[in-house]
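Each reported figure results from applying straightforward, stated rules to the coordinates on display, with no laboratory input. The structure displayed is predicted, hence computed values, not measured ones. Here the Cβ positions follow ideal geometry from the backbone for every residue, glycine too, while neighbour counts run over all protein chains shown.
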Amino acid sequence: MTARTETRPALADRPRANAPGGRRSSALAWVLVLLAVGMAVTSLLGPVGIGAMSYRTSPTSLNQLRGSDAATLFLIAPLALATAAMARRRHLAAPPLATGIGAYALYTYSQVVIGQEYLRLPGNVERFFPLLLAVFVLAGGAVVLGQRATPATLPGLSARMARVLGIVLLCVAAFLVLGLHLPSLVTAWQDPMSLTEYASSPTPFWMVKLMDLGVIVPVAVATGIGMLRRASWAPRVMYPLLTAYACLGTSVAAMALVMVLRDDPDASMFLLGGFIGFALLFAALTAAAYRPLFWHQRVPAGSR
């Protein structure tokens, strides 16, 4: 009696929904969906929506929060949903996109919570702390899961593109220090009451200074130098950083636009044009940098 020959594919050859890579992609997708919903709900509850959540801040900072909420609602949340769909298909671009979106949300919502003038200005934002906390935790989850799902080796960039990205990151760091923050720091030290933003709401003023100069600038400098030296680790940081910068650029441009439209005393057409240019520049650079990831669409099997 001859043995029966099995013609079914071997177990290792079949796609497995519960494989480690598949589970991580599914978890990342769900976290991104929940993060998108949380950000959208927060924006809709705030002044750009039904106004149920009232921020405890100055009129200038409130205009900035209006712009940030609008950018989050109409751009960042939809981008998170699109990235979730890509993560579900294990698209190679999904993990770094998710990490960048999560970093943007961590940066933004930490300022929303900590940057309020509690007990000094009217509002009720503290009642919505559980929602803001949930968004913050989901943002951290997107960063962690996105980094875990990112392969150790990504498709290579050309030497020219790597050099351009390294120089741009260093230029951004220099602009943040010398162009954006140093002048207002000097004014805050010498004549703080002449700064409307600082005099009316000092808490977010110093928090933004701390986060930009203490986190954003050092990471940009380290990553820029790493890209110029073609360090193997640099692209895994560069992709999320570019994504976060593109999101932040859009958010800051929306802030400047709202301030101009509402005749804010700190509004500036010059800054509005500069921030729009910054947002467009980083959108173009992000699209160009991600092109190799879209050429290699699926995350390699067994990667991280």
Packing rank of 281-294, 68-81, where each peptide gets the mean count of other beta carbons within 10 Å, highest leading: 68-81, 281-294
Report, to the nearest 10°, how far helix 159-174 tilts away from the longest principal axis of the Cα atoms in the chain, using its own Cα long axis and a range of 0 to 90°. 30
Between helix 217-228 and the chain, what is the angle of the helix's C-alpha long axis to the longest principal axis, kept within 0 to 90° and rounded to the nearest 10? 40
Ranked by how many other beta carbons lie within 10 Å on average, peptides 141-150, 229-238 from highest: 141-150, 229-238
Once the Cα atoms of helix 20-45 and of the chain are each reduced to a long axis, what angle between those two axes, in degrees from 0 to 90 to the nearest 10, is obtained? 30
With the cut-off at 1.5 for a/c, could you classify segment 105-206 from its C-alpha gyration tensor as rounded, prolate or oblate? oblate
Given 118-130, 43-55, the highest-first ranking by average Cβ count within 10 Å works out to 43-55, 118-130
